[in-house]
1. Sorted from largest down, what three extents in whole angstroms do the Cα atoms of segment 2-86 have along their principal axes?
2. For helix 122-131, report the angle its Cα long axis makes with the longest principal axis of the Cα atoms of the chain; keep it between 0 and 90° and round to the nearest 10°.
3. Would you list, by chain and number, the lysines whose Cα falls below 30 Å from the Cα of Lys18, excluding same-chain residues fewer than 8 positions away?
4. Decide, for segment 58-109, between rounded, prolate and oblate: order the square roots of the alpha carbon gyration tensor eigenvalues as a ≥ b ≥ c, take rounded if a/c falls under 1.5, and otherwise choose prolate if a/b is larger than b/c, else oblate.
5. Using the heavy atoms of the protein chains alone and a 1.4 angstrom probe, what is the accessible area of the chain per residue in square angstrom?
6. Rounded if a/c is under 1.5, else prolate if a/b is larger than b/c, else oblate: which is segment 77-149, with a ≥ b ≥ c the root eigenvalues of its Cα gyration tensor?
7. Taking the chain as a Gaussian network, Cα atoms linked when under 10 Å apart, which of Val64, Val116, Val107 shows the biggest mean-square fluctuation?
8. Under the definition of Cα pairs under 8 Å and six or more residues apart, what whole-number percent is the relative contact order of the chain?
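The values are calculated or read from the model by the stated rules, or taken from the named source; none is laboratory data. Just so we're clear, the structure is a prediction, and the values are computed from it rather than from any experiment. Surface areas here come from the heavy atoms of the whole protein model, side chains and all, with no ligands, DNA or RNA. Shrake-Rupley method; radii C 1.70, N 1.55, O 1.52, S 1.80 Å.
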Amino acid sequence: MQQQLTTMLEMQDRMNRKVHPDWINQHFAWYRALWIECGELIEHYGYKWWKHQEPAWDHVRLEVVDIWHFGMSMCFDGGNTPAQSAARLMQDLQADPPQPMELREAVEALAGQALVHRHFSVSRFWSLLEAAGMSPDELFAAYVGKNVL
């Protein structure tokens, strides 16, 4: 899994460099993009108890991948390589394992972390990944597929 994380972080760095060659020093508000994507995910999943809603799982999973783009971008600080960031993500997962949560709770936990601390919690993201019924391999395949587009 660490190699997949490194590959995705390398791809994200390349994508961000297309947006701005010195993207790390621009201090873009990745946390804001992340929580907005969380809101979009909830729209596809459903939250209106007063009307019948069925989750649009394909769209939910696409939003999970979008959230991952912004979360990975938050992992770079200018002094770390993609491999170092991947190792840190793995350490963070071991130190703070994901907790089983219902999907809306997982989204809110991740968005709350981003809003309050302006920090990406890989553990909260992994809880969301699991709640969305996605495996790390499925995340990797979806990320690579979307990145190529």
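1. If we take the Cα atoms of segment 2-86, the spans are 49, 27, 18 Å.
2. Rounded to the nearest ten degrees, it is 40.
3. Answer for Lys18, where 30 Å is the Cα cut-off: Lys146, listed by chain and number.
4. Working: a/c = 2.79, a/b = 1.47, b/c = 1.90.
Judged from the Cα gyration tensor, segment 58-109 comes out oblate (a/c at least 1.5, b/c at or above a/b).
5. Numbers: 8090 Å² over 149 residues.
Using a 1.4 Å probe on heavy atoms only, each residue of the chain averages 54 Å².
6. Judged from the Cα gyration tensor, segment 77-149 comes out oblate (a/c at least 1.5, b/c at or above a/b).
7. Val116
8. Reported relative contact order: 31 percent.
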